[in-house]
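The block underneath contains the structure these notes are about, expressed in C-alpha cells.
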There are 2 protein chains.
Amino acid sequence: MTNPAPTDHPVHPLIEKRWSPRAFTSASVTAEQMRSLFEAARWAASSRNEQPWSFLVALREDEAQFARFFGCLMPGNQPWAGSVSALALSVAEARGADGSPNKYAVHDTALAVANLIVQATSMDLYTHQMGGFDGTKARAEFGIPETHDPVAMIAIGHVADADTLPEDLRERERQPRVRRPLAEFVYGSAWGLASDLVS
Amino acid sequence: MTNPAPTDHPVHPLIEKRWSPRAFTSASVTAEQMRSLFEAARWAASSRNEQPWSFLVALREDEAQFARFFGCLMPGNQPWAGSVSALALSVAEARGADGSPNKYAVHDTALAVANLIVQATSMDLYTHQMGGFDGTKARAEFGIPETHDPVAMIAIGHVADADTLPEDLRERERQPRVRRPLAEFVYGSAWGLASDLVS
C-alpha cells in the first residue's frame, strides 16, 4: 500500500511519497541500509554545528534488544509496531558545547530525523515517528544521562497492506491524508494575512 | 560553488547536496517555486497531525517587506543575508488543538522546514537557517500572538561563489564540512556504546 500526498502544488517525489503507515511487513532491513539512514541524519544542518542528535537503535532480528525498545512503547502503538524492521529512539543533547542551553536541541534533532526519513523513502522504506512512548522508562533502560532527553521513537520498515492490521486500525490506515491549505499558515505582511505568494 | 557532504556511507543526492551557504547571487525565486517549497513543508509528519508550523515570508523584490525581515536579523547575519532571494520565519504553535502544551511544536516545525529544504535542494535552491535574529522584534513587527513562538529565520536563494562574500566570511565558506562519526552518536545496547550496525 502506498499513500502519496494529494498535493496542490508540485513537490519532489520523495516528499510526495513519505507517509507514516502502521502496516509493515516482517521483511528485514540490512546493516548497510541502516548506515545510510544514519549517515543521512549525520549531515543535517544544526545551530553552530552542535549536532545535538543521538540515536539508540535495534533491528527486530535482534529479539532481546528489540524487546527493550518495544517495551517502552505506549500500549496504543504496540498492536502495530511489533512487525517493523527496526526501532530507533532519537535523543537531544540539551546543552551546547559551551555549557549553555541549546534552544535548538530538539529542533535540530528533528532536522536529522527528517534527513533519515528522506533517505529511508529513497530506499523504499517507510518510517513512523511516535511520541507515544515512556521516556522515563527509556532513560532508565538505556542509561540516557540527564544531559540528554529522549525525543521520539522511530519505526522503520517495509510498508504492508492495511489488511494486515488489526481490524480497529485498518480504517484509520485508509483515511484520506489532510493538511491545512497554504493560505492558512503562510503569511506575508502580518500574522494571519496570507502571503500573496500563496493566495 | 557547491559543497557536497563528504559522506562515509551512500546517501541520496539531495542529502549530499544540501548545504547552508552564505554566498547567494541576486537571482530571484518565482512565486511558483515558493509555493512548491511551502507545499513540501505542508506534508511533513506531525504529532497527532497538529501541523504546528506557520511561516512569514518576503521576496527580496518586495523591498519594503524584505527590509522588515532583514531588520530582525542579528548584525552577524546581515553582511551576507541581504542578497538572498527570500527570507522566511518559521513559527511554532505552542499548544495543541485540545489546549494542552504540544511538546512536539518546535520538533514538528523543524520537520516541515526540513521538507522545505529538500524541496529547495531539488530545485537547485539553497537555504540557510539562522537562530541569529531578534524574536521579540519579529513578534512585534509581524504581530505574532503569544500562543506562537518564532523559531528560525530561513534564507532561500541561489548559491554564489565564496569570492562574492565580504573578506572575513570567505574563508569560513570554504572550510571543510565536519560531523561526528556515526559510532559517536548511534548506540545499541546502552547509551554511549556504539551500535554493531555502525561500528
GluC sites (Glu not before Pro) restricted to region B:77-185 and DSSP loop, no more than 10 other C-beta within 10 Å: B:Glu146
Would you kindly work out, in nm and rounded to one decimal, the distances from the label point of B:Ser100 to those of the same position in each other copy, ordered shortest first, with label points 7 Å along Cα-to-Cβ? 3.4
If you put a point 7 Å past Cα along the Cβ direction, how far is that point for A:Arg177 from the same point in each other copy, in nm, smallest first? 2.6
With label points set 7 Å from each Cα along the Cα-to-Cβ direction at B:Met1 and B:Glu63, the distance between them in nm comes to 2.8
Dividing the helical contributions, -39500 (n - 2.57) per DSSP H run of n ≥ 4, by the residues of the protein assembly as shown yields a 222 nm value, nearest 500 deg cm²/dmol, of -8500 deg cm²/dmol
In whole angstrom, the spacing between the Cα centers of region B:115-176 and region B:46-106 equals 10
Compute the label-point distances linking A:Pro166 to its equivalents in the other copies; points lie 7 Å from Cα along Cα→Cβ; give nm, one decimal, shortest first. 6.0
Stretch gain in nm, segment A:Arg170-A:Glu50, where the contour uses 0.36 nm per residue and the Cα spacing is subtracted: 39.1 nm
Count neighbours as other Cβ atoms within 10 Å of each site's Cβ, and list the GluC sites (Glu not before Pro) in region A:1-85 that are DSSP loop with at most 12 such neighbours. A:Glu61
B:Ala97 paired with A:Lys137, simple spin-label distance in nm, labels 7 Å along Cα-to-beta-carbon: 2.7
FRET efficiency, B:Glu184 to A:Trp191 (Cβ-Cβ, R0 56 Å, nearest 0.05): 0.85
Chain A: C-alpha gyration tensor shape, a/c 1.5 cut-off, then a/b vs b/c: oblate
Shape of region A:110-167, Cα gyration tensor, a/c cut at 1.5: oblate
Enumerate lysine pairs in the protein assembly as shown that are 8 or more residues apart or on different chains, then count those whose Cα atoms are under 27 Å apart. 8
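Where a number appears in this text, it was derived from the coordinates with a stated rule and is not lab data. Bear in mind that the values here come from a model prediction, so they are computed numbers and not experimental data. Every residue, glycine among them, receives a Cβ derived from its backbone with ideal geometry; neighbour counts consider all protein chains shown.
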